[in-house]
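Here the structure comes first, spelled out in C-alpha cells, and everything after it is commentary.
The values are calculated or read from the model by the stated rules, or taken from the named source; none is laboratory data. Predicted, not measured: the structure shown is a model, and the values here were computed from it. Backbone-built Cβ (ideal geometry, glycine too); neighbour counts: all protein chains shown. Heavy atoms of the whole protein, side chains included, go into the accessibility calculation; ligands, DNA and RNA do not. Shrake-Rupley method; radii C 1.70, N 1.55, O 1.52, S 1.80 Å.
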Amino acid sequence: MGATDGILGGREIEEGKSTSNKTRKWLKRRESWLVVLGVVLHAVYMLSIFDIYFKSPIVHGMNPVQPRFKAPARRLVLLVADGLRADKFFEPDSKGEFRAPFLRSVIKGQGRWGVSHARPPTESRPGHVSIIAGFYEDPSAVTRGWKANPVEFDSVFNRSRHTFAFGSPDIIPIFCGALPHSTWNTYPHEFEDFATDASFLDEWSFDEFKSLLNRSNDDPKLKQLLLQKNLVIFLHLLGCDSNGHAHRPYSSIYLNNVKVVDNIAKRVYDLVEGYFKDNRTAYIFTADHGMSDKGSHGDGHPANTDTPLVAWGAGVQHPKRSSRGRYSDDGFRFVDEHVHHMPTPIEWGLSGIDRVDVNQADIAPLMSTLLGLPSPVNSVGNLPLGYINLNESEEIEAALANTKQVLNQFLRKSQLKQANSVRFKPFKPLENYSSVLDRIENLISGGEYEAAMKLSETLRISSLEGLHYFQTYDWLMLMSVVTLGYIGWMIYLVLHVLKSYTSFSGNMYTKTNQMSHLRNDKRKVYICGFLLMGVIGVLLFVEHSPPLYHVYTAMTIFLWTQIFSEYQFLKVFWRDLSGSNFNFIVKLLATSGVSIFILEFLVNSFSERKLYTFYFLTVGILAALYLFYSVPGRSMIPVFVWVSCWLLSTFTLMPAEIPDNTLLVIASGFIIILVGVAARCFDLTTGGHKYWQCILNHDNQKPGSTMLFYLQALLVGLSSGMVWLSTSHRTEKQELLILHQLINWSIAGVSMVLPLFSPTSLLSRLTSIFLGFAPPFLLLSIGYEAVFYGALALVLMAWILFECSVLYLSNARASSTYVKNVKLEQDERCLQLSDMRVPLIFMVLFNVAFFGTGNFASIASFEISSVYRFITIFSPFLMASLLIFKLFIPFMLVICVFSAITKLLGVPRLGCYFLVILSSDVMTIHFFFLVRNTGSWMEIGNSISHFGIMSAQVVFVLMLFALTNIYTKDIHIGSPRSSSRKAL
C-alpha cells in the first residue's frame, strides 16, 4: 500500500474507505454561511482602519473664539482655480512671457505670495474643505465619492454674514447647499465635456457674479445685502481641472486656461473695486490641487500638492524684498513633507520677492482673520502672519485666537473621552493649560508680545499633539481585537479545509466516535464564549463605544469560540500530525516556508513592481527545465514556457504611468489574433499526444467552431481599426461621433457573448474567452497594456501546459504504485499538499494582473482617457464603471484558467478558493500593520489601498468566480487514463 501526500500528511489510506455521508452533508451546509461570514468579516475589519488610523477628526460642541481686534476687511473674494499647478502658473511660456500678468503685478506691487502645500488625497473636495474649513478631511468621505458630507463641519462660509458662490455642481453645494445665508448657482453637469475647451466654465462663473452685481442696481434688498460687512464671494473655476484631464497640463489648451483665470481675477478685481469703491475688500487666489503630467491627480507628487497662493487687498501686507541669505533646514515640514524654506525656481522670476509658503489648511484662518471672524471651530490651520497687515498687539491677539480655537477642540475631545471612559488617561502636557493661558494674557498686558507669541505657538503645538493623542486613544485595544480576529478566521478556515477537502476527515470521527460527548463540550464552549461576549459588550456600552467596536469584539470572540469548540478535532489532528513520518514533516515545513516566502514576496511587490521581473525570469527557467526533463520529444513546449515568462517579465519594468501610443494598441490587435491562431493550430495538430489529450478533446468540437473562430478574429481586427478611427477623429475634430460610439459598444458587447457558443474542450473554450474579451480591452487601452493582455495569455497557456505535464506524470506514478486517490465527489479528489502550488500560482498571476500595467493601488493610476472611445461627456459613474471593467478583464482571464485547472486536476474549486483566501489573508494581516497615517500621503494612500485590495479579495475573487463560471462551467476535460496505461 503506497502513501499519498495529502495536505495533512502521508497516511496509509485503505482502498474504498470514504467519509461518513452524514458528516459530509453537515460540513457542506457550512459552506454557504462560511462564505457569508468571510465577506462580512472582511468588510467589517476593513472598516476598522478608519476607526484605528483615520477616525474622523471632527467634534462638535466647541464655542467659536471671537478675535479681539477690528476686522481689516469688510468682504473677501476667494478665487479657486481647480487643478492649477504652481509651476505652470508662475513659470514663463516658450516665448518668455508670463501666463498670469495681472497676478504677477499684484505679487510685485500689492500683496503677498507663496506656494500652498496640499495634503493628499489631492482631489477637489478635500482640497476645498482644507481651504474653506481649515482641516484635512476624514478619508472615509471617499466612500461617498467625496460628494456628501459624512460629518457636518464648520467653515468660513458658515461664519460669514452672507456667502455668494458660483461654479461647479460638485463643489458649491458641499458648502452652500444647507447654508441659509448663501446665494449660489451652478452650471449643469452636462457642461463638463472633456472633448471641448472647458475654459468657458470659468467664464460662466464670472458672468454669474457680474450678473449678480448688475441685478443689485435694480434690487434694493440685494444692494443692501452686498453693502454689509463679513461677506464672502467665492468663484470656483473648473476649467484648468477639466482641460488638464482631457488634454494634459502641458497642452496649449491648459496653459491658455491659466491666462483665462488670470484675466478673470483682473476683471473680478476691477468689478469689485468699481462697485464698492471703499478699498475694504481682501482677495485670495489659490488652487485646490495641481495636475500630474498625465492629466490626473490624487497622490502626493509635487505636481499635485504644490498650488499657487496670492493674497492682496484690505488687511494684506505689501511685498517685501527677499532675504539673500541661504536658509538652513529648521526641521519643519509641510503636510506634503516639503521643507520649510523651499528655493524659488529662477525661471519664475520672483526670487527677489519674499515668499511665504503655507499649508493649505492655513488659508481658512487667514480668511477668517481678514474678515475679523472666528476661525472655523474644526480648523487645525496655523494663521500665516506673514500675509496679514496688523500691528504687534493685533498680531498676538489674532495668533492667540487661533491657538484658543485649536485648544478648544482638544478640551472637547478630552471631555468626551473622560465622560465615556471607565479608566481615563489624560494628556499630561496640557493638564495645566489654564495657567499657560493666564501667563499669555499677563504677557500681553505687560506689552511682552514676542514672549506671548512664542508661548502661544507652543500651546498651539501642544494642543495639536493632544488632538493626536485622543485621536489614537483606542489604538492598542482595537488593533489587538482585529489582529486576533484575523488570526481566528485563518485558523477556522484551515480547520474547515481539513475537515471538508482532505482525507483526514475520513477517519477523524471514527477515532473520536463520541458525538454526544462532543456536543456537550461544544455547548460549554459556546456558553463561555457568549458570556465573555456579553461582559465585554457591557463594558463597551458603558464607555459609549461606537457600534462597530461591539461588532469587532463580538466577531473575534465568535471566531475563537468556534475554534475552541473543535477541541476534540484539534487534539486528534495533533496526534496524527505528531505521528507522521519525518519525510512528511519536512515536506510540510518546506511547503509552508515556500508559501510564506511567496506571499511575503507579493507583499513587497505592492511597493516594488520590478520584483515580478525577477520572479518570472527565475520561474521561466525552472519551469522550462522541469518540462524539458519531464516531457520527452516536445522540445518546443519548454521553450514556449521560457519565452512567455520572460516576455511577461518586461512589463513590470515599464513606467506605471502608461504613455499614449495608439499605433501600439492597433498592433496589439494583430498580435492577439496571432496568439489565437497559434492556440488554434496547437489544438488541431496535437490531438494524438498523450500529455495534452485531456485539454484538447476533439470529440467535443462543434461543427461551427471554425466559423466562430474566424468571426472572433474579425472582431479583434475591427476593434483595432476602430481604435485608430475613433482616436484620430477625436484628435482632429475634438469630438466623438455617435456612430463611432455605437460601433465600439456593439463590438465590445457581441464579442463577449460569442465564447458561450465555442467548443467545450479546455483549450478551445479558453482561446475563445481570450479572443472574446480582447476587443473591449483594446478599445479601452491607450498604450502598452494592450500588449500585456497577449503576454498574460501566453503565460496562462504555459501554466496549463505545465499542469498537464504534472497531471500526466502523477497519474502514471499512481498507476505504477497502484494507489488511488480518495474521492470527494464524482469528479473530484481530496486536496494534497502539492496542490498548494495552484492557489500560490494563482495569487502571483492575479497580482500581476494588478501591477503588470501600472500601480492599481494608486488613485492617480486610473487613466480617464481610456474611456474616450466609448464616452466623452462627463459621467462619473459610467466612466468609473468602464475603467473598472477594463481592469477586471485580466483578472477574469486568470480566474477562467484557474477554474479550468481545478477541473483538469480534479480538485474541488471551492476548496482551492478557501486556500486562496487563506493566502490573501496572510498578506492582509501584514498590510494591516503597514497602514500609515504619517509621512507623505502617497505612502498613506497606497497603504490604505493595499490593505483594502487584499481585504476585498474574499468578495472580489468570489464575484469573479461566479461571473467567469458562465464561461467555464461546461468545460469538458478529456480522460488521460488510456494514454497513461499505454505509457506503462
Mind listing the phi-derived Karplus ³J(HN,Hα) values for region 159-165, rounded to whole Hz, using 6.51, -1.76 and 1.60 with θ = phi - 60°, and x for any glycine or proline? 7, 6, 5, 7, 10, 10, 9
Can you tell me the length gained on complete extension of the stretch Ile585 to His340, counting 0.36 nm per residue apart and subtracting the Cα distance? 82.4 nm
Whole-number D in µm²/s for region 199-313 (Stokes-Einstein; Kirkwood sum over Cα pairs; 25 °C, 0.890 mPa s): 156 µm²/s
Quick check on packing: order 290-302, 413-425, 122-134 by the mean number of other C-beta atoms within 10 Å, highest mean leading. 122-134, 290-302, 413-425
Got a sec to turn the phi values of region 392-399 into Karplus ³J(HN,Hα) couplings, 6.51 cos²θ - 1.76 cosθ + 1.60 with θ = phi - 60°, whole Hz, x for Gly and Pro? 4, 5, 5, 4, 5, 5, 5, 5
With a point put 7 Å past each Cα toward its Cβ, work out how far Glu152 is from Tyr567 in nm, to one decimal. 5.4 nm
Quick check: pseudo-label points 7 Å beyond the Cα along Cα→Cβ at Ser578 and Asp270, how many nm apart are they? 9.2 nm
Hull volume per residue for region 628-682, using the convex hull of the C-alpha atoms, in Å³ is 87 Å³
If R0 is 51 Å, what FRET efficiency do you get for Phe757 and Leu930 from their C-beta distance, rounded to 0.05? 0.65
What is the set of long-range amide H partners of Asp354 at a cut-off below 5 Å, with H atoms built 1.01 Å from backbone N? Lys320, Arg321, Ser322
Once the convex hull of the C-alpha atoms of region 395-468 is built, how many Å³ does it hold per residue, rounded to a whole number? 73 Å³
Ratio for region 705-758, C-alpha Rg to 2.2 N^0.38 Å, reads 1.31
Simple spin-label model, 7 Å along Cα-to-Cβ: Asp207 to Lys969 in nm? 5.5 nm
Per residue, what volume in Å³ does the Cα convex hull of region 48-100 take up? 219 Å³
Chain lengthening between Phe885 and Asp293 when straightened (0.36 nm per residue, less Cα-Cα): 210.7 nm
Interchain or sequence-distant (5+) residues whose placed amide H lies within less than 5 Å of the amide H of Val316 are Asn389
On the formula 1/(1 + (r/R0)^6), with r taken between the Cβ atoms of Thr731 and Cys528 and R0 of 56 Å, the FRET efficiency rounded to 0.05 is 0.20
Tell me, what HN-Hα J-couplings in whole Hz come from the Karplus equation 6.51 cos²θ - 1.76 cosθ + 1.60 at θ = phi - 60° for each residue of region 106-117, using x for Gly and Pro? 5, 4, 7, x, 10, x, 10, 9, x, 10, 8, 9
Please give the contour-minus-distance gain from Lys320 to Ser630: 0.36 nm per residue of separation, less the Cα-Cα distance, rounded to one decimal in nm. 103.7 nm
With all protein chains present, calculate the accessible area of Lys210 using a 1.4 Å probe and round the result to the nearest 10 Å². 90 Å²
